[in-house]
1. Could you work out the pair-distance distribution P(r) of the stretch 1-42 from its alpha-carbon pairs, with 10 angstrom bin width and percents rounded to whole numbers?
2. Between residue 37 and residue 5, with labels modelled 7 Å along Cα→Cβ, what's the label distance in nm to one decimal, could you check?
3. Which value in nm describes the separation of the simple spin-label points at residue 47 and residue 13, placed 7 Å from the Cα toward the beta carbon?
């Protein structure tokens, strides 16, 4: 659960960067925008960001392990290795 926080935080930051870059191109380079800001390129960029964020955060998923503790109400514990 904790690594998902890092994934979503990085995802939000980099999607914001992509939006800012596309707005920059649309405003500062209006004649190149139809060629550079297409739906196909946006999809490619979003997929690239998603894969990069997931690959970058793979070690975070390996930092924790779930341990079963019998006899407790909350019978699972997250333990940092």
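1. Going out from 0 Å in 10 Å bins, the stretch 1-42 shows 28, 37, 22, 12, 2 percent.
2. 3.6
3. 2.5
The numbers here are math on the coordinates, done by the rules we state, and not lab data. Nothing here was measured: the structure is a model prediction, and the numbers come from that model. All Cβ positions, glycine included, derive from the backbone under ideal geometry; neighbour counts span all protein chains shown.
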